[in-house]
Amino acid sequence: MDPYKVHTPDSSTGRRKAALERAQEAFGIIPNLLGLLAESPPVLEAYMDIAAKLSQTTLTPEEQQIMFLVVSRENSCSYCIAAHTGGAKGAKASDEVIEAVRNKKPIKDVRLAALVRFTEQVLSERGHVAPEELDAFINAGYTKANVLDVLLAVAAKVITTYADPIVDAEIDESFKRFA
């Protein structure tokens, strides 16, 4: 099979061009992985839609990036780990928290630790999270709505973390320092 092509707005028309322009507007750049996802405009649109909906939840940008980083780590996506390390730094997550998440180490912040643990449980148990795990997440200050918000973050990252090994995205220059 020929390798996937990184699409750009200049090399695209119609629906693909519109999806890429939306990504450019949202992120300030078109990350290579999203340029590759544009091979199927509906996939890029779905990713962008999910990411936009997640931003409408009560989870902070830091919490969103932490969840993305957990899913990226658990699904062994080096591209996504680099990208969301940068995203977490941009969302004001501490270096200590970022490194702990990246390396699956304990986090001192009880609330973020519960978020990491719950996200890990959702992934490892494929949604069949034990009642005591749900209770621990809620008792850490999250809501029942946030339980479902975690699923939204997982859905977004499943698209990219599963796509990356197939499309083989080169880590963008702006993310390389986080690889």
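A Cβ distance below 7 Å, combined with a sequence gap of six or more or placement on separate chains, defines the contacts here; from the range 5-23, residues that are in contact (Cβ under 8 Å) with a residue 40 or more places away in the chain reach no residue that is of a type in the set (Ser, Thr, Tyr) and part of a loop (DSSP other than H, G, I, E, B).
Looking only at residues that are small (Gly, Ala, Ser) and closer than 18 Å to His84 by Cα in the range 22-49, which one is surrounded by the fewest Cβ atoms within 10 Å (Cβ to Cβ)? The residue in question is Gly28. Residues that are part of a helix (DSSP H, G or I) and either of a type in the set (A, V, I, L, M) or more than 20 Å from Glu170 (Cβ to Cβ) (or both) within the range 54-72 comprise Leu54, Pro61, Glu62, Glu63, Gln64, Gln65, Ile66, Met67, Leu69, Val70, Val71, listed in sequence order. Among the residues of the range 121-133, the ones that are under 14 Å from Leu152 (Cα atoms) and in a helix (DSSP H, G or I) come to 2 in all. Residues of the range 113-131 that are over 23 Å from Thr58 (Cβ atoms), surrounded by fewer than 11 Cβ atoms within 10 Å (Cβ to Cβ) and of a type outside the set (Gly, Ala, Ser): Arg126, His128.
Is it fair to say Ala169 is in contact with a helix residue (DSSP H, G or I) (Cβ under 7 Å, 6 or more places away or on another chain) and not in a helix (DSSP H, G or I)? Here the answer is yes, as Ala169 does meet what is asked.
Residue count for the range 84-112, restricted to those that are without any contact (Cβ under 8 Å) to a residue 12 or more places away in the chain, part of a loop (DSSP other than H, G, I, E, B) and surrounded by fewer than 18 Cβ atoms within 10 Å (Cβ to Cβ): 4.
Against the numbered list (1) under 30 Å from Pro3 (Cβ atoms); (2) in contact with a Gly (Cβ under 8 Å, 6 or more places away or on another chain), Val70 comes up short only at (2).
None of the figures in this text is laboratory data; all of them are computed from the coordinates on show. Since this is a predicted model, take the numbers as computed values, not measurements. No Cβ is skipped: glycine too gets one built from the backbone with ideal geometry, and neighbour counts run over all protein chains shown.
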